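For reference, the structure discussed in these notes is given below.
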Amino acid sequence: MPLQEKNHLMTLEVSSILLRLYESAQGDQKSQITDRCLDAWDLLFENRVEMAMGLTRNIEQ
């Protein structure tokens with residue numbers, strides 16, 4: 001499997017896990033977890049990870 005494809009799959013998995021963690025921490029007294037999830041999501045944006053940008057567009061719709 002080419003490196004670019006591996007990176008794409010890893011980014012997809014990380015984004016999915018990050019989103020689920022964020023959603024599961026919502027409503028609980030776990031604001032530190034939600035803050036860290038948002039910080040990680042910001043890092044994905046700062047590094048222009050297209051997968052994160054696409055997932056965010058899907059969530060907003």
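The values are calculated or read from the model by the stated rules, or taken from the named source; none is laboratory data. Computed from a predicted model, the values in this text were never measured in an experiment. Heads up, the Cβs are rebuilt from the backbone with ideal geometry, glycines too, and the neighbour counts pull from every protein chain shown. With ligands, DNA and RNA removed, areas are computed over all heavy atoms of the protein, side chains included. Shrake-Rupley method; radii C 1.70, N 1.55, O 1.52, S 1.80 Å.
Quick notes on this one:
- For the peptides 37-48, 10-21, the ranking by packing is 10-21, 37-48, with the highest mean count of neighbouring Cβ atoms within 10 Å listed first.
- Using a Förster distance of 25 Å, the FRET efficiency for Leu3-Asp42 (Cβ separation, nearest 0.05): 0.50
- Segment 1-41 - percent of accessible surface contributed by carbon and sulfur, probe 1.4 Å: 54
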